[in-house]
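Here's the structure we're looking at; comments come further down.
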């Protein structure tokens, strides 16, 4: 017997087993309907969970992309400052981080696919549950317990198969979401501790920036020093102004007073 | 005849289509028995493509049991094993 028929046989056997448990087949319909409503809620939660997980991966993708951009900028700055070694280090790390971006993108697409499948499954189930509710009431109103058996059997088997299918889809999506949560958590921790590049085989991420900052600061100090030296050695106007301070101007009124001694000989001559 | 592609929904197929699907199903089963994942992937894709091209989608609100059930796109041998051993099924 082929795979297709074996899977179908197993689904039917499951449904039959559940049917056999009920004394009145019509009870089965009500019981099944409750299960369907529960499953419908579960599949909707599943869609929401996958969406949350997808958004989180999206956020991480942006963060890691920013890290890539930063390393790229640092490489340029380092190269402009003539530090090829530092630029090389930044680019090496960038390629490591780029690997993370690609990995996250693959995860993102896989989650997106899962979300679409689950959304479609949720819509199919909703349509079937609505149809089932109508059928259930018709069957209960029209047939006696004995008569209803065949009809119920068919409807019940049909809906059970759908529920089994949806149940598996939910399970698969849950597994994927769990895996993703674990990975996302690990990357969050790495980013928070600044150890993302540690994991990628390099020292903490900010040392390149620290080196560039040091170099930047160094340039500033050098420039200022050079300017000061120039000012001091050039013999410009500033030193002269400092020399021409208060004491010299004090001598000026003193000079004005010399008119008295000049006058004194004059009076002496008159005596 | 009604078939289900897991995760996709149900299709109605003309009776004549069964022969073609059965032939492809033989390849699928042999791949499962040999645990040959590569051959399994090829056989499954061929089976699904044939089913989709031969069949017509059932309305969403149809409630009918399927005569045949196919594993969905991207299924692995392990998942099919679970289906066949009853492990992965949620009781109706």
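No value in this document is a laboratory result; all are computed from the given coordinates. Keep in mind it's a predicted model, so treat the numbers as computed, not measured. As a convention, Cβ positions derive from the backbone with ideal geometry for all residues, glycine included, and neighbour counts pool all protein chains shown.
Some observations on this one:
- Within 10 Å of the Cβ of each residue in B:67-75, the mean number of Cβ atoms contributed by other protein chains is 5.
- Counting 0.36 nm for each residue step from residue A:33 to residue A:149 and taking away their Cα separation leaves a gain of 40.1 nm.
- Whole-Å semi-axes of chain B's equivalent ellipsoid (Cα gyration tensor): 21, 17, 10
- Label-point separation in nm, residue A:102 to residue B:35, each point 7 Å along Cα→Cβ: 3.1 nm
- Order of A:157, A:144, A:92 - criterion: other Cβ atoms within 10 Å of each residue's Cβ, fewest first: A:144, A:92, A:157
- Computed from the C-beta positions of residue A:116 and residue A:72, the FRET efficiency with R₀ = 35 Å rounds to 0.55.
- At full extension, residue A:84 and residue A:183 could sit 32.2 nm farther apart than now, given 0.36 nm per residue minus the alpha carbon distance.
- Per residue of peptide A:116-123, the mean number of Cβ atoms on other chains within 10 Å of the residue Cβ is 2.
- Cα-based Kirkwood hydrodynamic radius, segment A:46-116, one decimal, Å: 13.3 Å
- Distance from segment B:18-92 to segment A:36-92 (C-alpha centre basis), Å: 37 Å
- The simple spin-label model puts a point 7 Å past each Cα toward its Cβ; for residue A:225 and residue B:82 those points are separated by 6.8 nm.
- For A:163, A:180, the sequence from fewest to most other C-beta atoms within 10 Å is A:180, A:163.
- Using a cutoff of 8 angstrom between alpha carbon atoms and counting only pairs six or more residues apart, the relative contact order for chain B works out to 39 percent.
- Shape call, segment A:1-138: gyration tensor on alpha carbons, a/c limit 1.5: prolate
- Theoretical FRET efficiency, 1/(1+(r/R0)^6), r = Cβ-Cβ of residue A:123 and residue B:45, R0 22 Å, to 0.05: 0.30
- Which of A:222, B:36, A:165 has the fewest Cβ neighbours within 10 Å, and the rest in rising order: A:222, B:36, A:165
- Rounded if a/c under 1.5, otherwise prolate or oblate - segment A:1-67, Cα gyration tensor axes: oblate
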